[in-house]
Structure formats: structure tokens, C-alpha cells
Amino acid sequence: MIIAKTVEEVRDAIRQVRRQGQRIGLVPTMGALHAGHYSLMGAAKADCPFVAVSIFVNPAQFGPNEDLAKYPRTLEADLAGCREHGVSLVFTPESAAMYAPDAATSIHVARLSEHLCGASRKGHFDGVCIVVAKLFNIVLPDKAYFGAKDYQQASVIGRMVRDLDMPLEIVVCPIIREADGLAMSSRNRYLSPQERQQALALIGSLHLADKLAKAGQRESKALIGAMRQHIATAAPLGQIDYIEVMDPDSLSPTDRLDGPVVIALAVKFSSARLIDNMRIDPTRLGG
Ligand code: PAF
């Protein structure tokens with residue numbers, strides 16, 4: 001496994017891989033790897049003989065009061081995990097290798113990036129887009145893999161790739177969950193035992209919405225109301241940031257479930273802000 005710290009090292013390796021005509025899969029990460037990341041690597045490996053993983057805690061996507069300084073950094077364990085999962089190259093740059101001090105370019109995906117997580121994390125998706133675009137330009141992957149837990153992120157990146165004619169395919173892989181249903185996240189480790197228990201209210205509220213939809217409820221307001229009530233009872237330590245029933249492609253809020261929707265939510269605990277989502281297709285519910 002090649003461990004590259006500079007853009008030039010990655011470019012040298014990629015040039016050789018391209019010469020051999022191998023397809024390249026990229027899994028961008030911020031490290032603190034868990035089973036969710038490894039599932040992305042597995043999907044990449046199934047499609048592409050050469051799998052590159054980036055491990056970079058990207059300062060551009062953290063707000064001034066966010067957790068950049070305390071974001072978990074577990075490089076040795078991450079490298080061992082990548083090796084175990086057959087990764088060919090890990091790109092683990094320092095911030096200075098990624099951003100020139102006078103870097104002046106930004107990418108803003110209008111509308112799609114401005115509500116939901118974009119509303120409470122101003123500039124977050126601009127930071128994601130710039131680093132992901134740079135990683136695509138450095139690694140030149142045929143395919144890049146993202147988790148469906150960050151549904152809005154995957155949509156924003158998909159739109160950026162389409163709008164800028166970037167020559168690669170975005171693959172969105174299913175959410176990986178702990179045995180009790182909590183969506184895997186590097187930030188779960190911040191939770192106190194009590195918060196960890198209460199964090200199950202996220203998936204609990206999504207299951208409740210799914211059940212109500214299956215029973216015939218088509219009003220988004222009713223589903224959101226029931227979810228809010230569930231979270232208030234099951235997670236008194238959590239503060240709801242948003243719950244939205246939305247069109248899976250445009251991410252616009254929908255009042256009724258007349259076709260497939262994605263229900264997404266974010267809940268803040270004292271130590272971590274958690275997100276989750278579920279796709280519900282009423283045309284396949286029989287309700
Ligand atoms: O999902 C993440 O871990 C990050 O937002 C990403 C895509 C690696 C960009 O820094």
C-alpha cells in the first residue's frame with residue numbers, strides 16, 4: 001500500500017496506474033475510520049482494481065465554533081484498516097499540501113447546499129466541494145464512493161460533478177448501522193453513555209414515520225409531528241435541528257408522500273450533532 005503525503009506523490013502513482021489501464025476508485029474520508037468507511041472501500045474494490053483512500057480532516061468544511069481541533073485523528077489504526085481492506089494508496093496530506101496560503105477559489109452549489117445541514121453549518125458544503133473537487137483532480141478516479149448517511153453531501157457532490165462536467169461517476173452506498181440501529185459516524189465516540197442511548201431516537205423516529213406511512217399517513221406534517229414527539233420523549237438531552245420530508249433528487253420539502261421521499265433529520269447533543277435519513281416509497285407500501 002502506497003502512503004502519499006503530497007500531491008506529486010499521488011500524481012506519480014496515478015500516472016503508472018493509468019498507463020496500466022486500471023480503473024481507479026476513490027473513497028474520500030476524514031479518517032477515524034469505521035465499518036461505514038470500510039463498506040465504501042469494499043464497494044470500490046468490487047468495481048476498481050486500484051482503490052485510493054484520502055484521509056484529511058478538511059479545515060475548510062468546519063465552522064469557527066465546530067469540532068476541527070478535537071475531531072478524532074487515528075491515523076495508525078486507519079492505515080492498518082486500509083491495508084486490511086486491500087486499499088492500494090492512501091493520501092494523507094497536511095493542510096499546507098492541500099491549500100496554498102492565498103487560495104482564492106470556491107465552489108458553491110446554490111440552493112441544494114443552503115438548507116438542512118447547510119442552514120446550521122454555513123459554508124460547510126462549500127468547504128466539502130472544494131476539497132472533493134481537488135481530490136478528484138489529484139486522484140483522477142473513475143468512480144468515487146460516498147455514504148448515504150450524509151445524504152445532502154452526496155446530492156451536493158453529485159450536482160457539482162454534473163454541473164462542472166467532471167468525468168467520473170459518484171456511487172452512493174447504503175448507511176451502515178450499529179447493531180442497535182444507530183448510524184455509524186466518527187462523531188458517535190463523542191457521546192456520553194446516556195446520550196449514546198438517547199441517540200437511538202433518530203432511527204426510532206424514522207422507523208415510526210415509516211410505520212405511519214405504511215399505515216396510510218401521507219401528510220408530511222403529521223409524520224414530522226410524530227417524529228418530534230418521539231424524540232422529545234426518547235431523547236430529552238437532544239435538541240432537534242431539523243426534520244424534513246423531501247424530494248429525493250431536488251431535496252425540496254414535500255407536503256405529501258405522493259411518491260418516494262427521503263426523511264432526513266439532525267439532532268444536537270451536547271457533544272455531537274447527529275444526522276440520519278431514510279427513503280420511503282409510498283408506491284411500494286400498499287397503504
Ligand atoms: O464525509 C466526509 O468525511 C467529508 O465530508 C469528505 C467527503 C471526506 C470531505 O472532506
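Looking at region 121-173, which of its residues are within 11 Å of the chain's Cα centre (by Cα) and among the aliphatic types (A, V, I, L, M)? Those that are within 11 Å of the chain's Cα centre (by Cα) and among the aliphatic types (A, V, I, L, M): VAL128, ALA148, ALA154, VAL156, ILE157, VAL172.
Could you look through region 260-287, keep only residues that are closer than 17 Å to ALA215 by Cα and modelled with pLDDT of 95 or more, and pick out the one that is farthest from the chain's Cα centre (by Cα)? Working first, answer last.
The initial filter retains those residues of region 260-287 that are closer than 17 Å to ALA215 by Cα, namely 260-261, 263, 278-287.
Those still in the list that are modelled with pLDDT of 95 or more too: 260-261, 263, 278-280.
Details: PRO260: 21, VAL261: 18, ILE263: 15, MET278: 14, ARG279: 15, ILE280: 19 Å.
Selected residue: PRO260.
Remark: pairs (first residue in region 241-270, touching a residue at least 60 places away in the same chain (Cβ under 8 Å); second residue basic (Lys, Arg); Cβ separation under 8 Å; 6+ apart in sequence or on different chains) = ASP241/LYS268; ASP241/ARG273; VAL262/ARG279; ALA266/ARG273; VAL267/ARG273. Residues in region 45-69 that are in a strand (DSSP E or B) and of a type in the set (S, T, N, Q): 1 in all.
Within region 2-44, the set of residues being more than 16 Å from the ligand (Cβ to nearest atom), in contact (Cβ under 8 Å) with a residue 60 or more places away in the chain and part of a loop (DSSP other than H, G, I, E, B) comprises LYS5, THR6, ARG23. The condition (being of a type in the set (Phe, Trp, Tyr), crowded, with 23+ Cβ neighbours inside 10 Å and in contact with a helix residue (DSSP H, G or I) (Cβ under 8 Å, 6 or more places away or on another chain)) is satisfied by just one residue among PHE56, PHE62, PHE50: PHE50. Of all residues in region 134-162, those that are assigned to a helix (DSSP H, G or I), among the basic types (Lys, Arg) and either within 11 Å of the ligand (Cβ to nearest atom) or in contact with an Asp or Glu (Cβ under 9 Å, 6 or more places away or on another chain) (or both) total 2. Summed over region 174-212, residues that are in contact with a strand residue (DSSP E or B) (Cβ under 6 Å, 6 or more places away or on another chain) and within 16 Å of the ligand (Cβ to nearest atom) total 2.
For region 195-207, check the following and say yes or no: at least one residue is at pLDDT 95 or above, surrounded by fewer than 23 Cβ atoms within 10 Å (Cβ to Cβ) and touching a Ser or Thr at 6+ places or on another chain (Cβ under 9 Å).
Within region 195-207, one or more residues are at pLDDT 95 or above, surrounded by fewer than 23 Cβ atoms within 10 Å (Cβ to Cβ) and touching a Ser or Thr at 6+ places or on another chain (Cβ under 9 Å).
Take region 70-98 and flag every residue that is part of a loop (DSSP other than H, G, I, E, B), exposed (fewer than 11 other Cβ atoms within 10 Å of the Cβ) and more than 16 Å from the ligand (Cβ to nearest atom). Working first, answer last.
Quick first cut of region 70-98, residues part of a loop (DSSP other than H, G, I, E, B) only: 70-74, 85-88, 92-94.
Cutting the leftovers down to exposed (fewer than 11 other Cβ atoms within 10 Å of the Cβ) gives us 70, 94.
Listed by number, the list is empty, since nothing qualifies.
Quick one: would you say ILE55 is within 15 Å of the ligand (Cβ to nearest atom) and within 16 Å of PHE146 (Cα to Cα)? For ILE55, the condition - within 15 Å of the ligand (Cβ to nearest atom) and within 16 Å of PHE146 (Cα to Cα) - is met.
Just so you know, in region 99-133 the residues that are more than 10 Å from the ligand (Cβ to nearest atom) and outside any loop (DSSP other than H, G, I, E, B) include one that is nearest to LEU164 (Cα to Cα), and it is ALA133.
The values are calculated or read from the model by the stated rules, or taken from the named source; none is laboratory data. Note that the structure is a prediction, hence the values are computed from the model and not measured. Glycine also receives a Cβ, built like all others from the backbone with ideal geometry; neighbour counts cover every protein chain displayed.
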